[in-house]
Amino acid sequence: MKLKIKTGDTVRVIAGDHKGTEGKILSVDREKNKAIVEGANMVSKHEKPSAKNPQGGIVQKEAPIQISNLSLIDPKSGETTRVGYETRDGKKVRVSKKSNEVI
(Lines give C-alpha, C1' and ligand atoms only; values in the text may rest on other atoms or scores of the structure.)
Protein backbone atom coordinates (compact mmCIF):
# COMPACT_ATOMS: atom_id res chain seq x y z
CA MET A 1 0.00 0.00 0.00
CA LYS A 2 1.30 3.46 -0.92
CA LEU A 3 1.72 5.76 2.08
CA LYS A 4 1.10 9.46 1.48
CA ILE A 5 3.04 10.65 4.52
CA LYS A 6 6.72 10.31 5.32
CA THR A 7 9.21 11.08 8.06
CA GLY A 8 9.53 14.81 8.74
CA ASP A 9 5.99 15.76 7.63
CA THR A 10 3.81 17.81 9.97
CA VAL A 11 0.51 16.05 10.67
CA ARG A 12 -2.63 16.45 12.79
CA VAL A 13 -4.33 13.58 14.62
CA ILE A 14 -7.94 13.47 13.33
CA ALA A 15 -9.34 10.59 15.40
CA GLY A 16 -8.82 8.92 18.75
CA ASP A 17 -7.91 10.10 22.25
CA HIS A 18 -5.31 12.57 20.97
CA LYS A 19 -7.53 14.21 18.34
CA GLY A 20 -6.33 17.70 17.38
CA THR A 21 -2.71 17.14 18.39
CA GLU A 22 -0.15 18.34 15.84
CA GLY A 23 3.42 17.16 15.49
CA LYS A 24 6.23 16.02 13.25
CA ILE A 25 6.48 12.39 12.16
CA LEU A 26 9.52 10.74 13.75
CA SER A 27 9.23 7.35 12.06
CA VAL A 28 6.90 5.28 9.88
CA ASP A 29 6.29 1.51 10.04
CA ARG A 30 5.10 0.47 6.57
CA GLU A 31 4.25 -3.13 7.51
CA LYS A 32 1.92 -2.16 10.37
CA ASN A 33 0.65 1.11 8.75
CA LYS A 34 1.63 3.07 11.87
CA ALA A 35 3.63 6.22 12.54
CA ILE A 36 5.19 7.80 15.61
CA VAL A 37 4.23 11.48 15.96
CA GLU A 38 6.22 13.85 18.17
CA GLY A 39 4.21 14.78 21.28
CA ALA A 40 1.15 12.64 20.43
CA ASN A 41 -0.05 9.37 22.00
CA MET A 42 2.30 9.62 24.98
CA VAL A 43 2.50 6.49 27.15
CA SER A 44 4.33 5.71 30.41
CA LYS A 45 6.95 2.97 30.26
CA HIS A 46 8.78 1.42 33.19
CA GLU A 47 12.52 1.19 32.53
CA LYS A 48 15.03 -0.93 34.39
CA PRO A 49 18.24 0.75 35.52
CA SER A 50 20.95 0.54 32.87
CA ALA A 51 24.25 2.18 31.99
CA LYS A 52 22.38 4.75 29.89
CA ASN A 53 19.75 5.39 32.56
CA PRO A 54 21.25 4.39 35.95
CA GLN A 55 18.23 5.56 37.96
CA GLY A 56 15.57 3.72 35.93
CA GLY A 57 11.95 4.66 36.65
CA ILE A 58 8.93 5.71 34.63
CA VAL A 59 9.56 7.36 31.24
CA GLN A 60 7.08 9.15 28.94
CA LYS A 61 7.46 8.24 25.26
CA GLU A 62 5.46 8.30 22.03
CA ALA A 63 3.54 5.22 20.91
CA PRO A 64 2.64 4.42 17.28
CA ILE A 65 -0.61 5.78 15.79
CA GLN A 66 -2.55 4.26 12.89
CA ILE A 67 -1.82 6.23 9.70
CA SER A 68 -5.55 6.44 8.87
CA ASN A 69 -5.93 8.64 11.99
CA LEU A 70 -3.41 11.21 10.68
CA SER A 71 -3.90 14.03 8.19
CA LEU A 72 -1.12 16.01 6.53
CA ILE A 73 -0.97 19.76 7.23
CA ASP A 74 -0.67 22.03 4.18
CA PRO A 75 2.51 24.13 4.65
CA LYS A 76 0.91 27.15 2.94
CA SER A 77 -2.46 27.43 4.72
CA GLY A 78 -1.83 25.44 7.91
CA GLU A 79 -5.00 23.36 7.37
CA THR A 80 -5.28 19.62 6.87
CA THR A 81 -5.23 18.44 3.29
CA ARG A 82 -5.32 15.31 1.18
CA VAL A 83 -2.35 14.32 -0.97
CA GLY A 84 -2.21 13.77 -4.71
CA TYR A 85 0.61 13.02 -7.12
CA GLU A 86 1.62 14.87 -10.28
CA THR A 87 4.53 14.85 -12.68
CA ARG A 88 6.25 18.23 -12.72
CA ASP A 89 9.52 18.86 -14.58
CA GLY A 90 9.83 15.13 -15.22
CA LYS A 91 9.61 14.19 -11.52
CA LYS A 92 6.74 12.66 -9.57
CA VAL A 93 5.89 15.01 -6.68
CA ARG A 94 3.35 15.09 -3.84
CA VAL A 95 0.77 17.85 -4.25
CA SER A 96 -1.68 19.35 -1.74
CA LYS A 97 -5.30 18.92 -2.92
CA LYS A 98 -6.38 22.19 -1.24
CA SER A 99 -3.72 24.62 -2.46
CA ASN A 100 -2.29 22.62 -5.40
CA GLU A 101 1.20 23.35 -4.03
CA VAL A 102 4.11 20.89 -4.00
CA ILE A 103 4.66 19.43 -0.54
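The values are calculated or read from the model by the stated rules, or taken from the named source; none is laboratory data. Since we're looking at a predicted model, the values are computed, not measured. All Cβ positions, even for glycine, are placed from backbone atoms using ideal geometry, and neighbour counts span all protein chains on display. Each accessible area value is taken on the protein alone, full model and side chains, heavy atoms only, with ligands, DNA and RNA left out. Shrake-Rupley method; radii C 1.70, N 1.55, O 1.52, S 1.80 Å.
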GluC sites (Glu not before Pro) within region 40-82: which are DSSP loop residues with at most 13 other Cβ atoms inside 10 Å?
-> Glu79
Under the 7 Å Cα-to-Cβ spin-label approximation, Ser99 and Lys32 lie apart by a distance in nanometres of 3.3 nm
Please give the solvent-accessible surface of Thr81 in Å², to the nearest 10, using a probe radius of 1.4 Å with every protein chain present.
-> 10 Å²
So who's got an amide H within less than 5 Å of the one on Gly23, skipping anything under 5 residues away but keeping other chains? H placed 1.01 Å off N, in plane.
-> Val11
How about region 1-49: which trypsin sites (Lys or Arg not before Pro) there lie in a loop by DSSP and see at most 13 other Cβ atoms within 10 Å?
-> Lys2, Lys6, Lys19, Arg30, Lys32
In debye, nearest 20, what is the charge dipole magnitude of the chain about its Cα centre with +1 on Lys and Arg Cβ and -1 on Asp and Glu Cβ, if you could check?
-> 320 debye
Long-range amide H contacts for Thr80: which residues qualify at under 5 Å (H placed 1.01 Å from N, peptide plane, sequence gap of 5 or more or a different chain)?
-> Asp74
Per residue, how much space in cubic angstrom lies within the convex hull of the C-alpha atoms of region 17-62?
-> 110 Å³
Net charge of neighbours whose Cβ lies under 12 Å from the Cβ of Glu38, counting Lys and Arg as +1 and Asp and Glu as -1 | -1
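Could you work out what % of the accessible surface of region 1-81 is carbon and sulfur, using a 1.4 angstrom probe and leaving DNA, RNA and ligands out of the count?
That share works out to 48 percent.
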All-pairs Cα distance distribution in the chain, expressed in whole percent, bin size 5 Å | 2, 12, 19, 19, 16, 11, 8, 5, 4, 3, 1
Considering only protein heavy atoms, what is the solvent-accessible area of Glu38 at a probe of 1.4 Å, reported in Å² to the nearest 10?
-> 90 Å²
Cα-Cα over 27 Å, subset of Lys32/Lys52; Lys32/Lys92; Lys45/Lys76; Lys2/Lys45; Lys2/Lys48; Lys4/Lys48 | Lys32/Lys52; Lys45/Lys76; Lys2/Lys45; Lys2/Lys48; Lys4/Lys48
